[in-house]
Amino acid sequence: MKGRIHSFQSLGAVDGPGLRYVVFMQGCSLRCAYCHNPDTWNTCGQEYSVDEVFEKILRYKPYFAESGGVTVSGGEPLMQWEFVSELFQQLHGAGIHTALDTAGIGDLNGARAVLLHTDLVLCDLKFSNEADYLRYCKGSVTSVMKFLKLTEDMRVPLWIRHVVVPGLTDSEEHVLKIVSLSAQFSNLQKLELLPFKKICMTKYNALGIKFPLSDYDECTDAAIQKLYQTIENCRKERSLK
C-alpha cells in the first residue's frame, strides 16, 4: 500500500498530546477560505509505502516515547483512508499512540476503517451551518456531523478545533453555537479555539492564488482568551439554572 505524502514533521508540539511525529497527506476536496496549506490541495504528492513511513517514524520513537505519538494530518487524510488505516494498524502493533487530524469529510466506511486503529481524533468544525460551510469551505456541515457521530459510536476520544477569524467567526453567538454543536458528543474531551493568522500568504503568492481572507485582521491571543471566558461564563450560568 502506497500513499501520496506532502511532508513530514519530526517533532510537532501542537498536533495532539505530547511530542508528535506528523505525517501530512496530500490532497483535499475542501477549499476553506482560511486554509494554511493550499499546497496540499492537489493529489500529486511523493509516494511512500506504509513500511517506508513506519520505518521513518520508528527512528523518532525514543523522542515522543509514551507521552506522544503519531498524528496523520493533511490535506485531508481520509481521502487516503486505506493507507492511513494500514499505517495506524502497524503503529498500534508497535504500541504507538495514533491521532487523526481531519476535517471530517469523506467516505464513512473508510473513516470507520481508520477509526478502528485511532486513539484520538482532532476534527475541525469550521462553521455552524450548511450555508457558511458551502460558501467558505465548499463543504457540508452535515457530513462533518455524521463523522463526529461515528467517532462517538466507536468511542474514539475527540478534540474539536475551531478557527476564530475576526469579523467572520469571532462573535460570541457563533462561538457558543460551535460549543453547543460540540457538546452533544459524549466522547468530546476538548474544544480548542485557534487564532486566525496570515503566515500562509507566502504560499498563496508562490502558487499564484489569491488568499480569500487577505483583508481580514489576524486574531489576537487576548481575543481567544476572552472567548474562552465567555464559554466558561455560559457554562456557569447554565449550571445555576
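Coordinate-derived values only; no laboratory data. Note that the structure is a prediction, hence the values are computed from the model and not measured. Using ideal geometry, Cβ is built from the backbone for each residue, glycine included, and neighbour counts are taken over all protein chains shown.
Treating the range 143-214 as a set of equal point scatterers at the Cα positions, no solvent, please give the Debye-formula log₁₀ I(q)/I(0) at q = 0.17, 0.21, 0.23, 0.25 Å⁻¹.
Scattering profile of the range 143-214, log10 relative to I(0): -0.76, -0.91, -0.98, -1.05.
Could you quote the convex hull projected area for the range 89-176, Cα atoms only and averaged over all directions, in nm²?
Spelled out: convex hull of the Cα atoms, projected over all directions, averaged, 6.3 nm².
Express the relative contact order of the chain as a whole percentage, based on alpha carbon pairs under 8 Å and six or more residues apart in sequence.
Computed value for the chain: 17 percent relative contact order.
What span do the alpha-carbon atoms of the chain cover on each of the three principal axes, reported in whole Å from largest to smallest?
Over the chain, Cα extents along the principal axes are 51, 47, 33 Å.
Starting from the coordinates of the alpha-carbon atoms of the range 15-92, obtain the Kirkwood hydrodynamic radius over all distinct pairs and give the value in Å to one decimal.
Computed over the range 15-92, the radius equals 13.3 Å.
Tell me which trypsin sites (Lys or Arg not before Pro) from the range 57-148 have a DSSP coil assignment and no more than 11 other beta carbons within 10 Å of their own.
ARG59
Please give me, ordered by residue number, the GluC sites (Glu not before Pro) of the range 66-153 that lie in loop per DSSP and have at most 15 other Cβ atoms within 10 Å.
Answer by residue number: GLU66.
Only Cα pairs under 8 Å and at least 6 apart count here; give the relative contact order of the range 116-158 as a rounded whole percent.
Answer for the range 116-158 is 51 percent.
Using mean Cβ contacts within 10 Å as the protection proxy, how do 218-231, 29-42 order, highest first?
29-42, 218-231
Using only alpha carbon pairs under 8 Å that are at least six residues apart, calculate the relative contact order of the range 1-138 and give it in whole percent.
For the range 1-138, the relative contact order is 26 percent.
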